[in-house]
Amino acid sequence: MNVLLTSVGRRNYLVDYFKEAVLPYNGKVYAVNSHSNSPALYVADGMDIAPPIISEDYIPFLKQFCLEREIQLIVPLLDLELPVLARAKEEFLELGIYVFVSSLELALLSNDKFKTYQFLEEFGFQTVPLFLSQGQFYAAKLAGSIDFPVVIKPRWGMGSIGVYVAENEEELSFYYNKLRKEVESSILRFESSQDIEGAILIMEKLSGEEYMLDIINDLEGNHQTTVVNRKILRKGGETEGAETVDNPQLRILGRRIASLTRHSFVIDADVFVNEGGIFVLEFNPRFSGGYPFSHLSGVHLPKAMIKWLKQENFDPKEFLSPTIGTVSLKGISMISANKKETQRLDSIKGQTVL
């Protein structure tokens with residue numbers, strides 16, 4: 001079975017994980033990205049430069065690329081392309097190509113952090129109120145329901161792009177205007193154009209412990225397991241270290257989310273825990289930057305995915321049981337961009353287990 005990872009960026013570790021998964025089937029792992037300065041392209045078995053995701057040529061390009069290389073599975077890795085590929089999922093299935101993407105409704109819901117908040121509120125999850133303007137925030141502040149510090153972030157954001165903390169009115173005004181310009185001049189402008197006046201969110205800055213949940217379902221959307229990773233090291237908004245822990249309350253929370261979303265394979269959810277309760281902030285139905293922490297604890301979702309797609313029976317404990325207490329830290333892996341002969345310059349695989 002051959003696999004294509006799209007918008008692969010720096011996630012060379014995922015290329016390695018899928019290479020291991022398809023090895024018993026003599027499969028290959030291909031990668032595409034819209035620009036050539038994407039390190040993970042150069043560790044794949046084959047690569048190409050794709051048109052921009054918003055281009056009318058993107059889906060035809062992927063179809064041709066997959067047919068020429070006998071690819072049976074596409075794994076998208078960027079939030080922006082989830083709705084694009086969800087709309088074309090049936091077209092790919094007719095060609096014998098499965099796209100790892102949930103429904104269009106779930107893709108649109110998860111990409112829009114305000115709609116995610118409304119969804120969580122509707123189903124009784126504890127979450128953090130979001131405000132679509134400074135006026136809304138100050139009205140709530142006057143009513144005594146919120147105060148500084150606050151977090152300012154894009155409504156249609158990706159990763160930790162454009163996330164700021166404001167301690168007072170002056171900082172809120174500065175970061176709000178700064179983020180508005182960043183949204184309008186970056187890849188975020190495409191989805192944000194749906195409501196440019198409401199494209200920036202303001203929320204209370206929570207204190208407490210932060211967790212990442214990898215909520216894993218099978219191909220039919222049946223919940224299999226929830227892996228709980230406690231964040232122990234953050235740098236520049238990115239999680240650099242995590243410990244895989246046993247937290248029954250968070251595992252139950254993951255199962256509840258899974259029962260509502262009925263997603264395929266995996267959703268990553270961000271959760272805060274403090275004396276006030278368990279707060280769900282957002283979720284994304286794709287491999288996240290936090291998945292390597294689950295993987296290094298003993299979970300091997302790529303192998304499980306291949307088994308499910310090939311309708312092969314397996315013991316879930318073999319691929320979906322984490323080792324509690326695993327501590328993982330992100331390291332550095334150097335990649336040669338020599339197209340004639342790709343070479344790994346550093347033996348560090350991107351993460352180290354302590």
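The values are calculated or read from the model by the stated rules, or taken from the named source; none is laboratory data. Predicted model only: the values in this text are computed from it and were never measured. Ideal geometry is used to build each Cβ from the backbone, glycine not excepted, and the neighbour counts take in all protein chains shown.
Okay, here's what the table says:
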read-out: Filtered residues of segment 261-283 (kept if outside any loop (DSSP other than H, G, I, E, B) and over 17 Å from residue 229 (Cβ atoms)); value: 261, 274, 277
read-out: Residues within segment 146-176 that are part of a loop (DSSP other than H, G, I, E, B) and at pLDDT 95 or above, tallied; value: 8
read-out: Answer from 279, 293, 287 - the residue that is among the aromatic types (Phe, Trp, Tyr) and within 20 Å of residue 153 (Cβ to Cβ); value: 279
read-out: Flag if residue 337 is at pLDDT 95 or above and among the small types (Gly, Ala, Ser); value: no
read-out: Among (1) without any contact (Cβ under 8 Å) to a residue 12 or more places away in the chain; (2) loosely packed, with under 15 Cβ neighbours inside 10 Å; (3) acidic (Asp, Glu), the one test that residue 197 misses; value: (1)
read-out: Looking only at segment 92-111, and only at residues there that are in contact (Cβ under 8 Å) with a residue 12 or more places away in the chain and among the aliphatic types (A, V, I, L, M), the one that is surrounded by the fewest Cβ atoms within 10 Å (Cβ to Cβ); value: 95
read-out: Selection count where residues are within 20 Å of residue 299 (Cβ to Cβ) and surrounded by fewer than 16 Cβ atoms within 10 Å (Cβ to Cβ), scope segment 26-51; value: 0
read-out: Filter result for residue 165 (surrounded by fewer than 21 Cβ atoms within 10 Å (Cβ to Cβ), in contact with a Pro (Cβ under 6 Å, 6 or more places away or on another chain) and in contact (Cβ under 8 Å) with a residue 12 or more places away in the chain); value: yes
read-out: Filter result (within 18 Å of residue 92 (Cβ to Cβ) and of a type in the set (S, T, N, Q)) within segment 1-44; value: 2, 6, 7
read-out: Of all residues in segment 64-85 being crowded, with 18+ Cβ neighbours inside 10 Å and out of contact with any strand residue (DSSP E or B) (no Cβ under 7 Å at 6 or more places or on another chain), the one that is farthest from residue 194 (Cα to Cα); value: 78
read-out: Tally, over segment 300-334, of residues that are of a type in the set (Ser, Thr, Tyr) and outside any loop (DSSP other than H, G, I, E, B); value: 1
read-out: Every residue from segment 119-139 that is polar (S, T, N, Q), farther than 15 Å from residue 180 by Cβ and in a loop (DSSP other than H, G, I, E, B); value: 126, 127
read-out: Close pairs (9 angstrom Cβ cut-off, 6 or more residues apart or separate chains): outside the structural domain of residue 186 (by TED's automatic domain parsing) in segment 48-59, acidic (Asp, Glu) and surrounded by fewer than 13 Cβ atoms within 10 Å (Cβ to Cβ) anywhere; value: 50/57; 51/57
read-out: Hits in segment 185-207 (condition: in contact with a helix residue (DSSP H, G or I) (Cβ under 8 Å, 6 or more places away or on another chain) and either within 17 Å of residue 52 (Cβ to Cβ) or not in a helix (DSSP H, G or I) (or both)); value: 188, 189, 191, 192, 199, 200, 201, 202
read-out: Every residue from segment 1-54 that is in a loop (DSSP other than H, G, I, E, B), under 20 Å from residue 308 (Cβ atoms) and at pLDDT 95 or above; value: 26, 27, 28
read-out: Residue satisfying condition, being in contact (Cβ under 8 Å) with a residue 24 or more places away in the chain and either of a type in the set (Ser, Thr, Tyr) or buried (at least 20 other Cβ atoms within 10 Å of the Cβ) (or both), within set 216, 232; value: 216
read-out: Some residue of segment 284-299 being over 18 Å from the mean Cα position of the chain (by Cα), within 25 Å of residue 134 (Cα to Cα), touching a residue at least 12 places away in the same chain (Cβ under 8 Å) and assigned to a loop (DSSP other than H, G, I, E, B); value: no
read-out: Selection from segment 211-238 of residues that are more than 13 Å from residue 268 (Cα to Cα) and touching a Leu at 6+ places or on another chain (Cβ under 9 Å); value: 219, 224, 232, 233
read-out: Condition check for residue 209: within 19 Å of residue 127 (Cβ to Cβ) and surrounded by fewer than 15 Cβ atoms within 10 Å (Cβ to Cβ); value: yes
